[in-house]
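The values are calculated or read from the model by the stated rules, or taken from the named source; none is laboratory data. Remember, predicted model here, so these are calculated numbers, not experimental data. For neighbour counting, all protein chains shown are included, and Cβ atoms are generated from backbone atoms with ideal geometry for every residue, glycine included. Remember, those area values only see protein heavy atoms, side chains included, never the ligands or the DNA or RNA. Shrake-Rupley method; radii C 1.70, N 1.55, O 1.52, S 1.80 Å.
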Amino acid sequence: MSTLVFLEHHGDELLKGSLGVLAKAATLGGGDVAGVVVGSGVRTLADGAGKFGAAKVYVADDAQLEAPLPQPRVDVIARLVRDTGIDTILFGNSVLTADVAAGLAARLDAGINWDLVDLVQEDGKLVGKRPALQDSVYVDVGWTSEPRIALFRSGSFDPNETGGSAEVEDVAVELEDFSSAARMVDQAHEESEGPSIEDAPVIVAGGRGLGGPENFTLVEELAKALGGAVGATRAVVDAGWYPYATQVGQTGKTVAPKLYIACGISGAIQHKVGMQSSGVIVAINKDTNAPIFEFSDLGVVGDVHEVVPKLTELVKQRKSS
Amino acid sequence: MKIAVCVKQVPEGDSRIDPGTKRLDRGGEGALNAFDANAVEEALRLKDSTGEGEVVLLSLGPAKAQDALRKALAMGADRAVLISDDAAAGSDLVATSYALAKALERESADVILFGQQAGDSDGAVLWAAVADRLRLPVVSQAAEITHAGGKLTVKRQTEFGYDVIEAPLPAVVAVSDAINEPRYPSLKGIMGAKSKPQETVTLSDLRVEADRAGEQGSRTEVYALNDPPARADSKKIDDDGNAAQVIFDFLAEKRLV
Ligand SMILES: Cc1cc2nc3c(=O)[nH]c(=O)nc-3n(C[C@H](O)[C@H](O)[C@H](O)COP(=O)(O)OP(=O)(O)OC[C@H]3O[C@@H](n4cnc5c(N)ncnc54)[C@H](O)[C@@H]3O)c2cc1C
């Protein structure tokens, strides 16, 4: 087995998610684990990957690769895979890597399994573990040919700093015309400032079920009564109801407060990965089938407009008594 | 402007996996994947903003996916093409993207839109595979799209903030579920949908080779279905007017208030 891990970076850091996948790859045994770093001015990042388990790091360092867009990365990796005979390519999920992995699958006619939370060797076969249908079933999935491509759910593995150093090898960069057609005009712009929620002991989060931005006062008041902070889903952040800084989930913050109260939040996987390590999870949702109930300690099937103000009152009364 | 929207029929209500075939059970009434309604809505807005054009729906699925397509036609799309073929059953991403790309080639649309994910399989990467096959630029997670001067400008959220990306037409764009509020079909729309063209094509119509479709054309497989790790002590109640008190008592017991 010869495995390649896509090492995603932001600024001058390799992302924890891809280093976690590298650590996982190292445990699969039976062959080399290499990493690939793609960008502009990224050589020093390649050196750093050796400490996390890569025996070899391929580097595609080119000004055309500056912006984190997927299609040029497909070109680079497809060529690398063809030239080296790498049989397994692993990605930690992100907005960027999902598109790289799927583009690569088409380019190489390679099988892709996504949203995996684990990968194991069973009877000489690689088997991916894939939660499905709101995580109510775990599916064992595999590949019928090589190369195989796997995309792991965010936060599935922790990096393992083993020390060591990697052999660094440059790879050629030759891009397809269509791959450079999309252009980054403005990158990673942090919309508005907002409070930091990562250290809050309690988070009361609101979703689209609140019905409108004005109803965020409901969660703000409960958060205040509990001495906590307010969180939000991408749906309400993208809609401009609440600041990006408060967003919890894959493209927001990862939080682990003692208490997380989800109000009018469906519990999408991308939200779940940002809050599943919370101590106690309480959910209020009017839909009895909402996925959030699958991972709540206490679920209330009810209307946030009814339940939340009453709860705020009870908490306030307790404080004043 | 010609806009193609790729849509999927998903099972109505709760989905389940058939333990025998290990495929998603597609019995029961078919619904339009909710995330695709955002793409249809955005297509209609783009068409309106340019003042002319056509919105074409494309889908790969069983014959009864026509029902789901009719729902999108009722929203205002102009016509629909369904790729329906027994030989396509069990297609994974590699096979599905191939067939869809073949159908899209026939249409030569200026913009090809996708929804954020499939509500049944949680697939959220198909567009990038289709774009690669069509050799077109792709932008995903669009929270805002503007069209001017033969270009689309897309704003989207990533792990680090908001990107603004420009792509020349033709282009493939996958929209986020926050991009718009899909319209409800009007009664007139629902009636009108019945007379809109709904074409069904087979794999051979599209010149999709037999070994590139269905299980033969797929590169992944399902081995087994297992129960998820159990979650200890999880409790769920219906609000009978007293739920706030139940939550409060629960928090008090855990010493969280
Ligand atoms: C690449 C990618 C990254 C993403 N990153 C993130 C992320 O970081 N964070 C994130 O949150 N999402 C993220 N998402 C989006 C995610 O998939 C969901 O779309 C989003 O989490 C949904 O937000 P929501 O729960 O507020 O809205 P919805 O899914 O619309 O849910 C609203 C819920 O409110 C309930 N409701 C409605 N009215 C009431 C009422 N009166 N009382 C009680 N309940 C009510 C409904 O039953 C429903 O369950 C990402 C998606 C992708 C594809």
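Suppose we filter segment A:256-297 for residues that are more than 13 Å from the chain's Cα centre (by Cα) and either more than 8 Å from chain B (Cβ to nearest Cβ) or within 14 Å of A:VAL204 (Cα to Cα) (or both); how many remain?
The total comes to 27.
Restricting to segment A:193-217, count the residues that are more than 12 Å from chain B (Cβ to nearest Cβ), part of a helix (DSSP H, G or I) and under 20 Å from A:ARG234 (Cβ atoms).
Looking only at that region, the number is 6.
Consider B:GLY30 against the criteria (1) modelled with pLDDT under 95; (2) open to solvent by 10 Å² or more (accessible area, probe 1.4 Å): it satisfies all of them except one. Which criterion is unmet?
B:GLY30 satisfies every listed condition except (2).
When you look at B:ALA80, is it farther than 18 Å from B:PRO170 by Cβ, at pLDDT 95 or above, more than 16 Å from the ligand (Cβ to nearest atom) and touching a strand residue (DSSP E or B) at 6+ places or on another chain (Cβ under 9 Å), yes or no? Before the answer, list the steps.
Numbers: farther than 18 Å from B:PRO170 by Cβ: yes; at pLDDT 95 or above: yes; more than 16 Å from the ligand (Cβ to nearest atom): yes; touching a strand residue (DSSP E or B) at 6+ places or on another chain (Cβ under 9 Å): yes.
Yes.
For segment B:78-91, state whether one or more residues are touching a residue at least 12 places away in the same chain (Cβ under 8 Å), within 13 Å of the chain's Cα centre (by Cα) and more than 14 Å from B:LYS8 (Cα to Cα).
No - not one qualifying residue is present in segment B:78-91.
At negative phi and more than 12 Å from the ligand (Cβ to nearest atom): which single residue out of A:LYS258, A:LYS253, A:LYS272 fits that description? Step through it out loud before you land on a result.
Numbers: A:LYS253 fails: more than 12 Å from the ligand (Cβ to nearest atom); A:LYS272 fails: more than 12 Å from the ligand (Cβ to nearest atom).
Every option except A:LYS258 fails the conditions.
Show the residue pairs meeting these rules: Cβ distance below 6 Å; 6+ apart or different chains; first residue within segment A:295-321 and of a type in the set (Asp, Glu); second residue within 16 Å of the ligand (Cβ to nearest atom).
Close Cβ pairs satisfying both conditions: A:ASP297/A:ILE281; A:ASP303/A:LYS286.
Can you find a residue that is out of contact with any Leu (no Cβ under 7 Å at 6 or more places or on another chain), open to solvent by less than 30 Å² (accessible area, probe 1.4 Å) and polar (S, T, N, Q) anywhere in segment A:169-181?
Looking for residues that are out of contact with any Leu (no Cβ under 7 Å at 6 or more places or on another chain), open to solvent by less than 30 Å² (accessible area, probe 1.4 Å) and polar (S, T, N, Q), one finds at least one in segment A:169-181, hence yes.
Any residue that is in a loop (DSSP other than H, G, I, E, B), within 16 Å of the ligand (Cβ to nearest atom), in contact (Cβ under 8 Å) with a residue 12 or more places away in the chain and open to solvent by less than 40 Å² (accessible area, probe 1.4 Å) - is there at least one of those in segment A:97-106? Walk me through how you get there before you give the answer.
Step one: of segment A:97-106, the residues in a loop (DSSP other than H, G, I, E, B) are none.
Checked against the condition, which is being in a loop (DSSP other than H, G, I, E, B), within 16 Å of the ligand (Cβ to nearest atom), in contact (Cβ under 8 Å) with a residue 12 or more places away in the chain and open to solvent by less than 40 Å² (accessible area, probe 1.4 Å), segment A:97-106 yields no hits at all.
Among residues belonging to segment B:126-156 that are among the small types (Gly, Ala, Ser) and part of a helix (DSSP H, G or I), point out the one that is surrounded by the fewest Cβ atoms within 10 Å (Cβ to Cβ).
Step one: list which residues in segment B:126-156 are among the small types (Gly, Ala, Ser), which gives B:128-129, B:131, B:140, B:142-143, B:148-150.
Pick out the ones that are also part of a helix (DSSP H, G or I) and you get B:128-129, B:131.
On the way: B:ALA128: 29, B:ALA129: 26, B:ALA131: 34.
Selected residue: B:ALA129.
Condition (residue is modelled with pLDDT of 95 or more, in a strand (DSSP E or B) and of a type in the set (Ser, Thr, Tyr)) applied to segment B:102-121: is it met by at least one residue?
Looking for residues that are modelled with pLDDT of 95 or more, in a strand (DSSP E or B) and of a type in the set (Ser, Thr, Tyr), one finds none in segment B:102-121, hence no.
Using the structure shown, decide if A:SER40 is within 11 Å of chain B (Cβ to nearest Cβ) and of a type in the set (S, T, N, Q).
Values: within 11 Å of chain B (Cβ to nearest Cβ): no; of a type in the set (S, T, N, Q): yes.
When the stated conditions are applied, A:SER40 does not pass them.
Hey, among the residues in segment A:18-38 that are touching a residue at least 24 places away in the same chain (Cβ under 8 Å) and either surrounded by fewer than 24 Cβ atoms within 10 Å (Cβ to Cβ) or in the same structural domain as A:LYS253 (by TED's automatic domain parsing) (or both), which one's nearest to the chain's Cα centre (by Cα)?
Among those residues, the one meeting the criterion is A:GLY20.
If you go through segment B:160-179 one residue at a time, how many are modelled with pLDDT under 95 and either away from the ligand (no atom under 13 Å from the Cβ) or open to solvent by 40 Å² or more (accessible area, probe 1.4 Å) (or both)?
1
What residue, among those in segment A:161-192 that are among the acidic types (Asp, Glu) and more than 11 Å from chain B (Cβ to nearest Cβ), is nearest to B:VAL164 (Cα to Cα)?
At the first step, the residues of segment A:161-192 found to be among the acidic types (Asp, Glu) are A:161, A:167, A:169-170, A:174, A:176-177, A:186, A:190-191.
Filter again for more than 11 Å from chain B (Cβ to nearest Cβ), leaving A:161, A:167, A:169-170, A:174.
Numbers: A:GLU161: 35, A:GLU167: 36, A:GLU169: 32, A:ASP170: 30, A:GLU174: 25 Å.
Only one residue tops the list, namely A:GLU174.
On the basis of being in contact with a Lys or Arg (Cβ under 7 Å, 6 or more places away or on another chain), more than 10 Å from every other protein chain (Cβ to nearest Cβ) and open to solvent by less than 20 Å² (accessible area, probe 1.4 Å), does B:ALA118 make the cut?
Details: in contact with a Lys or Arg (Cβ under 7 Å, 6 or more places away or on another chain): yes; more than 10 Å from every other protein chain (Cβ to nearest Cβ): yes; open to solvent by less than 20 Å² (accessible area, probe 1.4 Å): yes.
The answer is yes for B:ALA118.
Here are some conditions: (1) crowded, with 20+ Cβ neighbours inside 10 Å; (2) modelled with pLDDT of 95 or more; (3) more than 9 Å from the ligand (Cβ to nearest atom). A:ALA232 meets all but one. Which one does it not meet?
Status for A:ALA232: all satisfied but (3).
Kindly indicate whether any position in segment A:250-261 is part of a strand (DSSP E or B), open to solvent by less than 10 Å² (accessible area, probe 1.4 Å) and among the hydroxyl-bearing types (Ser, Thr, Tyr). Give the derivation first.
Narrowing segment A:250-261 to residues part of a strand (DSSP E or B): A:253, A:259-261.
Retained after the next criterion (residues that are open to solvent by less than 10 Å² (accessible area, probe 1.4 Å)): A:259-261.
Applying the additional criterion that residues be among the hydroxyl-bearing types (Ser, Thr, Tyr) yields A:260.
So far as segment A:250-261 goes, yes, one or more of its residues are part of a strand (DSSP E or B), open to solvent by less than 10 Å² (accessible area, probe 1.4 Å) and among the hydroxyl-bearing types (Ser, Thr, Tyr).
Between residues in segment B:222-251 that are at negative phi and residues that are surrounded by 13 or more Cβ atoms within 10 Å (Cβ to Cβ) and of a type in the set (Gly, Ala, Ser), which pairs lie under 6 Å by C-beta distance while being six or more apart or on different chains?
As it stands, the answer is B:TYR223/A:GLY142; B:LYS236/A:GLY299; B:ASP239/A:GLY302; B:ALA243/A:GLY302, since those pairs meet every condition given.
Quick one: in segment A:126-144, of everything that is closer than 14 Å to A:MET1 by Cβ and touching a Phe, Trp or Tyr at 6+ places or on another chain (Cβ under 8 Å), which residue is farthest from the other protein chains (Cβ to nearest Cβ)?
Filtering segment A:126-144 for residues that are closer than 14 Å to A:MET1 by Cβ and touching a Phe, Trp or Tyr at 6+ places or on another chain (Cβ under 8 Å), the one farthest from the other protein chains (Cβ to nearest Cβ) comes out as A:LEU126.
Could you identify the single residue in A:GLY31, A:GLY48 that is outside any helix (DSSP H, G or I), of a type outside the set (D, E, K, R) and either modelled with pLDDT of 95 or more or touching a strand residue (DSSP E or B) at 6+ places or on another chain (Cβ under 7 Å) (or both)?
On the way: A:GLY48 fails: outside any helix (DSSP H, G or I).
It is A:GLY31.
Kindly provide the set of residues from segment A:1-17 that are more than 16 Å from the chain's Cα centre (by Cα), open to solvent by less than 20 Å² (accessible area, probe 1.4 Å) and of a type in the set (A, V, I, L, M, F, W, C), ordered by number.
A:LEU4
So the check is Cβ under 7 Å with 6+ separation or different chains; which pairs have a first residue in segment B:50-63 that's within 28 Å of B:LEU93 (Cβ to Cβ) and a second one that's in a loop (DSSP other than H, G, I, E, B) and open to solvent by 40 Å² or more (accessible area, probe 1.4 Å)?
From residues that are within 28 Å of B:LEU93 (Cβ to Cβ), the pairs are B:GLU54/B:ASP78; B:VAL55/B:ASP78; B:VAL56/B:ASP78; B:SER59/B:LYS8; B:GLY61/B:LYS8; B:PRO62/B:ARG26.
Might you check whether a residue that is within 12 Å of the ligand (Cβ to nearest atom), among the polar types (S, T, N, Q) and open to solvent by 50 Å² or more (accessible area, probe 1.4 Å) occurs anywhere in segment A:288-302?
There is at least one residue in segment A:288-302 that is within 12 Å of the ligand (Cβ to nearest atom), among the polar types (S, T, N, Q) and open to solvent by 50 Å² or more (accessible area, probe 1.4 Å).
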